[in-house]
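Let me begin by presenting the structure, written as structure tokens, before commenting on it.
The values are calculated or read from the model by the stated rules, or taken from the named source; none is laboratory data. Everything numeric here is computed off the predicted structure, so don't read it as measured data. No Cβ is skipped: glycine too gets one built from the backbone with ideal geometry, and neighbour counts run over all protein chains shown. Remember, those area values only see protein heavy atoms, side chains included, never the ligands or the DNA or RNA. Shrake-Rupley method; radii C 1.70, N 1.55, O 1.52, S 1.80 Å.
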Amino acid sequence: MIEATIEKLISMKLHGMAEAVQEQMRNPAYKELSFQERLGMLVDRETDSRQDRRLRMLLTKARFRYPGACIEDIDFRAKRRITKDVLLKLSQNGWIKDKRNIIITGSTGVGKTYIACALGNSACRAGISAYYVRLPRLFQELKISRADGSYIKLLQKLSRINLLIVDDWGLSPLSDTERRDFLEIMEDRYNVRSTIVSSQIPVDKWHDLIGDPTIADAICDRLIHNSHKLQLAGKSMRGGDETS
């Protein structure tokens, strides 16, 4: 009977509960507990199992450059114009619920990418979908999708991601197609989803980087005006636990 019950649990995709039943059958100590206590343990195991599976799925889909990045591991002793209080508050994800953005600027190696991934990790642990991509790779994916006819599908996919992390913004001036593509992405996300942009270029230089004044105004309006700005400074962290 127990084997049949376990098979039914597995067929209903209650894998955590099935494992817990097997554990209770192997360990005689559980016999000292009441039915209600044992049932509660089975339900707790299934809940934990589902949460773990969802987290693994979110982290896999996020494709973070630093999958293990977390706020707790950031070295706040280095003078980079960021404080632990600010990042801990951002890690509570209230800004994502408010549909706001984060812009992280600073020179190479001060930890922009690590911080972006750490905030993304916090989002995933709260059940929020995230996706990390370098801007050159994003433009490459858009170019390919335009050629194979999946352009609209890709835009729709990006629009559904609760937190989009765009790294290496501004490595080179944008072409006409690139700035129009990025405007499409920002238009879909404006006041609906949150975006993190990491860049070596100060925000006041973005108009020149984008090129077309009208499109630059549109992109900056949708990205900058409701954003938290983290302007990092200090020496490069390369060689330590944090990079980029």
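Quick grid of which residues meet (1) open to solvent by 10 Å² or more (accessible area, probe 1.4 Å); (2) more than 14 Å from the chain's Cα centre (by Cα); (3) farther than 24 Å from LEU232 by Cα; (4) of a type in the set (Val, Ile, Thr):
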site: GLY68; (1), (2), (3), (4): yes, no, no, no
site: ILE71; (1), (2), (3), (4): no, no, no, yes
site: LYS84; (1), (2), (3), (4): yes, yes, no, no
site: SER122; (1), (2), (3), (4): yes, no, no, no
site: ARG125; (1), (2), (3), (4): yes, no, yes, no
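Could you list, in sequence order, the residues of the stretch 13-22 that are farther than 14 Å from GLY40 by Cβ and of a type outside the set (A, V, I, L, M, F, W, C)?
If the condition is that a residue be farther than 14 Å from GLY40 by Cβ and of a type outside the set (A, V, I, L, M, F, W, C), then LYS13, HIS15, GLU19, GLN22 are the ones that fit.
Please find, within the stretch 130-176, the residue that is nearest to ILE215 (Cα to Cα) out of those that are crowded, with 18+ Cβ neighbours inside 10 Å and small (Gly, Ala, Ser).
GLY170
Pick from LEU119, LEU174, LEU154, LEU164: which is closer than 16 Å to HIS228 by Cα and without any contact (Cβ under 8 Å) to a residue 40 or more places away in the chain?
Answer to the selection: LEU164.
Residue-wise test of (1) closer than 28 Å to LEU232 by Cα; (2) within 17 Å of the chain's Cα centre (by Cα); (3) at pLDDT 90 or above.
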position: MET25; (1), (2), (3): no, no, no
position: TYR30; (1), (2), (3): no, no, no
position: GLN36; (1), (2), (3): no, no, yes
position: GLY40; (1), (2), (3): no, no, yes
position: THR47; (1), (2), (3): no, no, no
position: MET57; (1), (2), (3): no, yes, yes
position: PHE64; (1), (2), (3): yes, yes, yes
position: PHE76; (1), (2), (3): yes, no, no
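With LYS99, LYS112 as the choices, which residue is buried (at least 21 other Cβ atoms within 10 Å of the Cβ) and in contact (Cβ under 8 Å) with a residue 24 or more places away in the chain?
Just one listed residue meets the conditions, LYS112.
What tally of residues in the stretch 1-27 results from selecting those that are closer than 18 Å to ARG53 by Cβ and part of a loop (DSSP other than H, G, I, E, B)?
Residues flagged as closer than 18 Å to ARG53 by Cβ and part of a loop (DSSP other than H, G, I, E, B) within the stretch 1-27 amount to 3.
Just to be sure I understand the filter: pairs with C-beta atoms under 7 Å, separated by 6 or more residues or on different chains, first member in the stretch 42-55 and more than 13 Å from GLU19 (Cβ to Cβ), second member open to solvent by 80 Å² or more (accessible area, probe 1.4 Å) and not aliphatic (A, V, I, L, M). Which pairs pass?
LEU55/ARG125
Scan the stretch 178-196 and tell me whether some residue there is hydroxyl-bearing (Ser, Thr, Tyr), at pLDDT 95 or above, at negative phi and open to solvent by less than 20 Å² (accessible area, probe 1.4 Å).
Checked against the condition, which is being hydroxyl-bearing (Ser, Thr, Tyr), at pLDDT 95 or above, at negative phi and open to solvent by less than 20 Å² (accessible area, probe 1.4 Å), the stretch 178-196 yields at least one hit.
Output yes when any residue across the stretch 115-123 is on the phi < 0 side of the Ramachandran plot, touching a Lys or Arg at 6+ places or on another chain (Cβ under 8 Å) and at pLDDT 90 or above, and no when none is.
Yes, the stretch 115-123 contains at least one residue that is on the phi < 0 side of the Ramachandran plot, touching a Lys or Arg at 6+ places or on another chain (Cβ under 8 Å) and at pLDDT 90 or above.
Which condition number does TYR30 fail, the rest of (1) in contact with a strand residue (DSSP E or B) (Cβ under 7 Å, 6 or more places away or on another chain); (2) assigned to a helix (DSSP H, G or I); (3) of a type in the set (Phe, Trp, Tyr) being met?
Result: TYR30 fails condition (1) only.
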